[in-house]
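The values are calculated or read from the model by the stated rules, or taken from the named source; none is laboratory data. Not measured: the values here are computed from a predicted model. Counting neighbours? That spans all protein chains shown, and the Cβs are built from the backbone with ideal geometry, glycine included. Please note that ligands, DNA and RNA were not included when accessible areas were found on the heavy atoms of the full protein model with its side chains. Shrake-Rupley method; radii C 1.70, N 1.55, O 1.52, S 1.80 Å.
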Amino acid sequence: MLRTTPFHSRTAPLCEAQNWRRWAGYVTAGSYELTHDREYHAIRSSAALFDVSPLFKYEIRGRDAVRFLDRVVTRDVSKCVPGQVLYTPWCDEAGKVMDDGTLSRLEDDTFRLTAAEPNLRWLLDNAPGMDVEIADVSDSLAALSLQGPNARSILGSASDGAVDGLGFFRLTTARVKDVSVTVTRTGYTGDLGYEIWVDASDAPRLWDVLMDAGGPYGITPAGILALDVARIEAGLILIDVDYVPAHRAIIEDRKSSPFELGLGWTVKLDKGAFVGRSALVEEKRRGPEWELRGLEVSWESLEEVYTEVGLPPQLPSVAWRTSVPVYSQGKQVGYATSGCWSPILKKYIALAHLHASHSRPGTDVHMEVTVEHQRRRAKARVVETPFFNPERKRAAK
Amino acid sequence: MSAGHRYDAIVIGGGHNGLVNAAYLARAGKRVVVLEKRHVLGGAAVTEEIYPGFKYSVCSYVVSLLRPEIIRDLDLPRHGLEILPLESTLTPLPDGDHLVRWADHDQTRRELYRHSPRDAEAYDDFGKLMYQLAVAVKPILAMVPPDPTSLSPKDLLGFGRLARHFRGLGEEQFHALFKLMTMSAADYLDEWFETEPLKATMSASGIIGTFLGPRSPGTAYVLLHHYLGEIDGAMRAWGFPRGGTGGVSESIAGAARRFGADIRTEAGVAQVIVKNGKAVGVALENGDEIRAPVVVSALDPKRTFLEMVEPKDLPDDFVDAIRRFKIRGSSGKVNLSLSELPDFTCLPGMGPHLRGAISISPSVDYLERAYDDAKYGAFSRRPYMDIIIPSMIDPGMAPPGKHVMSIFVQYAPSDLDGGWDETKREAFGDAVIDTLAEYAPNLPGAILHRQVLTPWDIEREMGLTQGNIFHGELTLQQLFCMRPTVGWADFTTPVRNYYQCGSGTHPGGGITGASGRLAALKILGGRPR
Ligand SMILES: Cc1cc2nc3c(=O)[nH]c(=O)nc-3n(C[C@H](O)[C@H](O)[C@H](O)COP(=O)(O)OP(=O)(O)OC[C@H]3O[C@@H](n4cnc5c(N)ncnc54)[C@H](O)[C@@H]3O)c2cc1C
């Protein structure tokens, strides 16, 4: 049986669409309403509330916590001060990405790591000889993500302004009405937003308090369908969709290095030894074979291929998660792994793995589109991600 | 365009069409200045905070046909354009029942079924046919109308292109198109449906902005407009713009500025300076003069030709044609600041219906009666209303927990018996609130502030002659190559170097930007795609 999250007593009655999606052995809402449109727009114009409890969460504490984590992840954990959060992938010995998540430094020697996949055994395997305790708190810790331009006002009004000065990728403890929580200024939407971590037993109460405080600000419970569009706009990759975790890859070719996933900036080669370092040093020297980039599909070209069959362009309002070939001069040079119509940019966008030879922003390529059962190609341009990056995401106020 | 001037072109009027025009000219490298009379940009697409904390989309309230090519060419999203979904339409009924059309197709069909199983089925067939027609008609929006009296190759080619668009239509579609061009909305819908509130609410789109009733011939054609919006549905060129319709104007102004256009407010133009049959600049109301080799008017045709230039500079028959151009105002607007949401007897409490449109159009007779009042010089005692609650869609329109309501009202004739004055305006406002209170009794008690606009106010404040919301009625004899008049539908005027680009030109009113764009392409000498 799939499990329900600690918020289920609240989310279930609201899920009018009965559209539930699997997530790490749990069910969460795909969309609450019959169409996810409004939930998406809440992310960009007011505030959306997501249940993100199915994330795996590990608490790591002990004198060697920093040393241990620095061994495991690619970012430089010694530079992470208490109250700070890092986004980071981690790799196997061959320098291939296994998973990615956020790492919060709660206290001097206490961290919390989120992951999409179970990682406990792997973490423990890397801990021998170190003074660390690693606890799987996935079940006892529930989480909500509040995303959108009104997120600060809502959380502020429910917590006496406790988050008002909270910077991007920083954390604080707070009381949201009478509920004790940890708040991180993080999210998966590329917008102003917070993730709120709470003891599972307080979860329903937290939901009620936020929905109450958020009413006047247009808070909208939102599901995975809306989130998927937002995260593509933000250029954020999704495990099992945009990359295969190294330890699950059946063939070598399916694995990706951080450099190949646009995560080169997270690889701190000069911080000392860590898992995968030597392979990554080598790859950095050679230059990655693949790069993850954005594609913007040309409207004119799309219109052309659709006009030929007498239709206006049909646009994917639900994000697709399939592998779609990308060509240059008739030769395949890569593949897109997720794409959608971006309602805010009014552009058809996709995330694509491109051969280094064709990954330079500004390069013109073709992406396959299926028009009335026929495989056609539409012009597309290689661009940097994020596609959408509003100032408010990082803004101090 | 010649050197020696500070500007290559002057655009009179900072409504959305003037701004679009300026943005395209500036994008092509021209030095452009926009001169707007008011203290804010946007014209009839404007957001103003008249009561502190509450923002009114003062006139227009939804975008429907904003041209996707403009959104792309000017990269309006980058300048803040964001269009939010407005998905349902509720028609409350006097007997306590209601009809709602939802975003979800199945839900709508089930709701229609409740009223008439036949209509539920016909609705799909109707929708398909209208969609097909809309696909055929749509290219017209993007073409400069050819001149039917001309035998020039360019004009003949234009008609050739038009013929090609229609040749693709099957017999059924062609007949339907012909009926739409000639019938009344009510008669046309009678052929399809039996549910009164459905017919009434749909036919209402045919009377908006006209001085006609649902049973007047020629009103059917506008039914198509709704489906034109649907083609661009995924593009979401229709809905509620974040920040109100002023948000659309602001984003266009942002794009124009980025391309280098100068935009001035409180810079009313008194007169276009004409020398030897050629426009050479403008004189401002404050006495300043600005010269440029191109002058574009984004005002309505009456102002563009009867006020901005001397009649002596125009051919007599042209002046006559412009005088005959029908521009009677028939609509009003009531904007409310509310302390709480309206509670509709038919669907009590808070619900998704408050995030969509609410149409007071219970039956075709109701609408026709509202028209009867206006026909004989009075405002409708029980008017047709198209209502939205912007703060439910974009909470930023009102302080947290409070709301704004936008009520578009018909009919309020511009030539009211005895003329409009402040007392009559408020009486009109009362008729609106009283009518609405029959459906949502808590409304009067929730009103913190009310703004009532009659055609008289729209004319005085926004500069739309007779308060006609579209710069001239959108009836067939005033569309396409006849807008504003035969021979001058290609954005040129009888005065050389003087151009027109307001809603009184093809393809007509509404927040489309099409006139502004097509006129710019004409001025630049390019051929629109
Ligand atoms: C009450 C109302 C409701 C409407 N609702 C909708 C709707 O919901 N959806 C929709 O799509 N359309 C709607 N419309 C129609 C739409 O708003 C108009 O067709 C459109 O905005 C007109 O744009 P424009 O740029 O052509 O002209 P305008 O917006 O009229 O702009 C003309 C500008 O010229 C300025 N001006 C006038 N005289 C001078 C002068 N002498 N010197 C300098 N500047 C001058 C004016 O101040 C104004 O800013 C509505 C209109 C009204 C009035």
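Look at B:MET392 and say whether it is within 14 Å of chain A (Cβ to nearest Cβ), more than 13 Å from B:THR435 (Cβ to Cβ) and not charged (D, E, K, R). Spelling it out, B:MET392 is indeed within 14 Å of chain A (Cβ to nearest Cβ), more than 13 Å from B:THR435 (Cβ to Cβ) and not charged (D, E, K, R). Here A:ARG63, A:ARG67 are screened, and the one residue that is surrounded by fewer than 24 Cβ atoms within 10 Å (Cβ to Cβ), in a helix (DSSP H, G or I), over 18 Å from the mean Cα position of the chain (by Cα) and more than 14 Å from every other protein chain (Cβ to nearest Cβ) is A:ARG67.
Yes/no per residue for (1) assigned to a helix (DSSP H, G or I); (2) modelled with pLDDT under 95:
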{"position": "B:HIS226", "(1), (2)": "yes, yes"}
{"position": "B:GLY229", "(1), (2)": "yes, yes"}
{"position": "B:GLY243", "(1), (2)": "no, no"}
{"position": "B:GLU250", "(1), (2)": "yes, no"}
{"position": "B:VAL272", "(1), (2)": "no, no"}
{"position": "B:PRO293", "(1), (2)": "no, no"}
{"position": "B:LEU299", "(1), (2)": "no, no"}
{"position": "B:PHE305", "(1), (2)": "yes, no"}
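Each row is one residue, and each column tells you yes or no for (1) modelled with pLDDT under 95; (2) assigned by TED's automatic domain parsing to the domain that holds A:VAL73; (3) open to solvent by 10 Å² or more (accessible area, probe 1.4 Å).
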position: A:ILE196; (1), (2), (3): no, no, no
position: A:ASP202; (1), (2), (3): no, no, yes
position: A:GLY215; (1), (2), (3): no, no, yes
position: A:ILE239; (1), (2), (3): no, no, yes
position: A:ALA246; (1), (2), (3): no, no, no
position: A:LEU269; (1), (2), (3): no, yes, yes
position: A:GLY272; (1), (2), (3): yes, yes, yes
position: A:ALA279; (1), (2), (3): no, yes, yes
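For the range B:366-419, the set of residues classified as within 16 Å of B:VAL432 (Cα to Cα), within 16 Å of the ligand (Cβ to nearest atom) and open to solvent by 20 Å² or more (accessible area, probe 1.4 Å) consists of B:ASP386 only. Exactly one residue out of B:ALA220, B:ALA204 is surrounded by 19 or more Cβ atoms within 10 Å (Cβ to Cβ), in contact (Cβ under 8 Å) with a residue 12 or more places away in the chain, of a type in the set (A, V, I, L, M) and part of a loop (DSSP other than H, G, I, E, B): that is B:ALA220. Picking from B:LEU84, B:LEU90, which residue would you name as being closer than 27 Å to A:ASN389 by Cβ and either in contact with a strand residue (DSSP E or B) (Cβ under 9 Å, 6 or more places away or on another chain) or within 11 Å of chain A (Cβ to nearest Cβ) (or both)? None of the others qualify; the one that does is B:LEU84. For B:ALA412, the criteria (1) within 14 Å of chain A (Cβ to nearest Cβ); (2) under 27 Å from B:ASP365 (Cα atoms); (3) hydrophobic (A, V, I, L, M, F, W, C) hold in every case but one, which is (1). For the range B:255-293, a residue qualifies if it is open to solvent by less than 20 Å² (accessible area, probe 1.4 Å), touching a His at 6+ places or on another chain (Cβ under 7 Å) and more than 14 Å from every other protein chain (Cβ to nearest Cβ), and exactly one does: B:ALA292. For the range B:93-176, the helices (runs of 4 or more DSSP H) that sit wholly inside it and include 3 or more residues that are open to solvent by 20 Å² or more (accessible area, probe 1.4 Å), of a type in the set (A, V, I, L, M, F, W, C) and over 26 Å from B:MET385 (Cβ atoms) are B:153-167. Under 26 Å from A:LEU166 (Cβ atoms) and surrounded by fewer than 24 Cβ atoms within 10 Å (Cβ to Cβ): is that true of A:SER78 in this structure? It is true that A:SER78 is under 26 Å from A:LEU166 (Cβ atoms) and surrounded by fewer than 24 Cβ atoms within 10 Å (Cβ to Cβ). Hey, could you check the range A:16-29 for residues that are in contact (Cβ under 8 Å) with a residue 60 or more places away in the chain and over 18 Å from B:PRO85 (Cβ atoms) and say which is nearest to the other protein chains (Cβ to nearest Cβ)? Ranking the qualifying residues of the range A:16-29, first place goes to A:ALA29. Identify, by number, the condition in (1) modelled with pLDDT of 95 or more; (2) surrounded by fewer than 22 Cβ atoms within 10 Å (Cβ to Cβ); (3) within 14 Å of chain B (Cβ to nearest Cβ) that A:HIS41 doesn't meet. For A:HIS41, the exception is condition (2).
As a summary of the residue check, A:LEU2 satisfies the conditions (1) among the aliphatic types (A, V, I, L, M); (2) open to solvent by 10 Å² or more (accessible area, probe 1.4 Å); (3) within 14 Å of another protein chain (Cβ to nearest Cβ) except for the one numbered (3). Would you be able to say whether some residue in the range B:410-433 is part of a strand (DSSP E or B) and within 23 Å of B:GLY356 (Cβ to Cβ)? Yes: one or more hits. Taking the criterion of being out of contact with any helix residue (DSSP H, G or I) (no Cβ under 8 Å at 6 or more places or on another chain) and of a type in the set (Phe, Trp, Tyr), the residues of the range A:12-28 that qualify are A:TRP20, A:TYR26. Can you find a residue in the range B:316-327 that is part of a loop (DSSP other than H, G, I, E, B), of a type outside the set (Lys, Arg), modelled with pLDDT of 95 or more and open to solvent by 70 Å² or more (accessible area, probe 1.4 Å)? Scanning the range B:316-327, I find no residue that is part of a loop (DSSP other than H, G, I, E, B), of a type outside the set (Lys, Arg), modelled with pLDDT of 95 or more and open to solvent by 70 Å² or more (accessible area, probe 1.4 Å), so the answer is no.
Here's the yes/no breakdown for (1) within 16 Å of the ligand (Cβ to nearest atom); (2) surrounded by 22 or more Cβ atoms within 10 Å (Cβ to Cβ):
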{"position": "B:ARG27", "(1), (2)": "no, no"}
{"position": "B:ARG31", "(1), (2)": "no, no"}
{"position": "B:HIS39", "(1), (2)": "yes, no"}
{"position": "B:GLY43", "(1), (2)": "yes, yes"}
{"position": "B:PRO52", "(1), (2)": "no, no"}
{"position": "B:TYR56", "(1), (2)": "yes, yes"}
{"position": "B:VAL62", "(1), (2)": "yes, yes"}
{"position": "B:ILE71", "(1), (2)": "yes, yes"}
{"position": "B:LEU76", "(1), (2)": "yes, yes"}
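I'd like to know if the range B:9-20 contains one or more residues that are among the polar types (S, T, N, Q), closer than 15 Å to B:GLY254 by Cα and more than 7 Å from the ligand (Cβ to nearest atom). No, the conditions are met nowhere in the range B:9-20. Going by the conditions given, is B:GLN500 under 17 Å from B:ARG323 (Cα atoms), of a type outside the set (Lys, Arg) and more than 11 Å from the ligand (Cβ to nearest atom)? When the stated conditions are applied, B:GLN500 does not pass them.
Among the conditions (1) over 16 Å from A:PRO312 (Cβ atoms); (2) within 11 Å of chain A (Cβ to nearest Cβ); (3) not acidic (Asp, Glu), B:ILE71 misses just one, which is (1).
Residues in the range A:23-38 that are outside any loop (DSSP other than H, G, I, E, B) and either under 23 Å from A:PRO343 (Cα atoms) or modelled with pLDDT under 95 (or both): A:ALA29, A:GLY30, A:SER31, A:ASP37, A:ARG38. For the range B:462-497, filtering for residues that are within 11 Å of the ligand (Cβ to nearest atom) and either free of Cβ contacts under 8 Å to residues at least 40 places away in the same chain or part of a loop (DSSP other than H, G, I, E, B) (or both) leaves 8.
Yes/no matrix, rows are residues, columns are (1) open to solvent by 30 Å² or more (accessible area, probe 1.4 Å); (2) within 14 Å of another protein chain (Cβ to nearest Cβ); (3) among the acidic types (Asp, Glu):
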{"residue": "A:GLU291", "(1), (2), (3)": "yes, no, yes"}
{"residue": "A:PRO313", "(1), (2), (3)": "no, yes, no"}
{"residue": "A:ALA319", "(1), (2), (3)": "no, yes, no"}
{"residue": "A:GLN329", "(1), (2), (3)": "yes, no, no"}
{"residue": "A:ILE344", "(1), (2), (3)": "no, yes, no"}
{"residue": "A:ALA350", "(1), (2), (3)": "no, no, no"}
{"residue": "A:GLU372", "(1), (2), (3)": "yes, no, yes"}
{"residue": "A:VAL382", "(1), (2), (3)": "no, no, no"}
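Looking across the range A:354-380, just one residue is within 22 Å of A:ARG321 (Cβ to Cβ), among the hydroxyl-bearing types (Ser, Thr, Tyr) and touching a residue at least 12 places away in the same chain (Cβ under 8 Å), and that is A:SER359.
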